[in-house]
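Participant: Got a structure for you, written out below as structure tokens; questions coming shortly.
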Amino acid sequence: MALDNIAQLEATINRLLEKHERLKRDQEAMAKKLQQKESEWHHLKGQLRQYERERVEFKERLDKIIGQFASMDLAD
């Protein structure tokens, strides 16, 4: 009878250890994926800033061109 209890206890401990290892691997995989997503986010944030700067520059240049047309005397 005592051997059955010990065998059950050993089986339970082994299952818990396997589950712990599986959860540990899953956590490591999720941490790695999170790190990759954060890196991607930083890259995309930098691209967005670049696009915003380019948009402002383009608008300024376009306003300058429109201003040049507005100052021309085109009434022929």
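We did not get these values from a lab; they are worked out from the coordinates using the rules stated. This structure is a prediction, so every number in the text was calculated from the model and none was measured. Here the Cβ is made from the backbone with ideal geometry for all residues, glycine too, and neighbour counts use every protein chain on show.
Participant: Below 15 Å, Cα to Cα, which aspartates and glutamates can LYS19 reach? Residues fewer than 8 away in the same chain don't count.
Facilitator: GLU10, GLU28
Participant: Can I ask one more? Consider just the alpha-carbon atoms of the chain and return their Rg together with their Dmax, both in angstrom.
Facilitator: 32.8, 113
Participant: Give the residue from MET30, ILE13, ALA70 lying farthest towards the positive end of the charge dipole for the chain; charges sit on Cβ (+1 for Lys and Arg, -1 for Asp and Glu) and the dipole is referred to the Cα centre.
Facilitator: The residue sitting most towards the positive pole is ILE13.
Participant: To continue, here is another question. Could you give the length gained by full extension between GLN50 and LYS24, i.e. 0.36 nm per residue of separation minus their alpha carbon distance, to one decimal place? Write down the numbers at each step before the final one.
Facilitator: On the way: separation 26, 0.36 × 26 = 9.36 nm, distance 3.93 nm.
Computed gain between GLN50 and LYS24 is 5.4 nm.
Participant: Once every DSSP H run of n ≥ 4 in the chain is given -39500 (n - 2.57) and the sum is divided by its residues, what mean residue ellipticity at 222 nm do you get, rounded to the nearest 500 deg cm²/dmol?
Facilitator: Details: 1 runs with 70 residues, N = 76.
Theoretical 222 nm ellipticity from helices: -35000 deg cm²/dmol.
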